[in-house]
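The values are calculated or read from the model by the stated rules, or taken from the named source; none is laboratory data. Small disclaimer: the values here were computed from a predicted structure and weren't measured. Because the Cβ atoms are built from the backbone with ideal geometry, glycine has one as well, and the counts that use them run over all protein chains shown. In case anyone asks, the SASA skips ligands and DNA or RNA and just uses the protein heavy atoms, side chains included. Shrake-Rupley method; radii C 1.70, N 1.55, O 1.52, S 1.80 Å.
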Amino acid sequence: MGSINIVFGLSWMIFGILSGMVMGLWAEKESWLGGYDSITRRYLRLAHVALFALSIINILYGSELNVVNISLHQKLTGSMLMIFAAVGISLGCAIAAFFRPMKYFLPLPASAFLAANIILVIGL
């Protein structure tokens, strides 16, 4: 069951690498996206970090999911919530960089992240 999250995490990390390569091309340009302290640039940096962090967390989650003592339904639910969290937070931050109302969507994938972790803790 956990292999879904492991494969997803390794695959999702590719987008973290690619986004870092693209953003790195303009990182030294002071005025890029309104400057280093601009909200747009901050949201894009958050998206980039989320791509990496949530990829790694999905890999670890998948590894633990294989050994916890919970039902298959709970494992599947936790797995899907964790993937939704990774995609939702990363893409939500990237979209919010250019469309600010998207920031109000971010608590939804963050709640999925919380719920997935609660499921795993119950199994431990």
- Which of the following residues is in contact (Cβ under 8 Å) with a residue 24 or more places away in the chain and in a helix (DSSP H, G or I): Ser111, Ser90? Ser90
- If you take the residues of the range 1-45 that are assigned to a helix (DSSP H, G or I) and basic (Lys, Arg), which of them is least open to solvent (accessible area, probe 1.4 Å)? Arg41
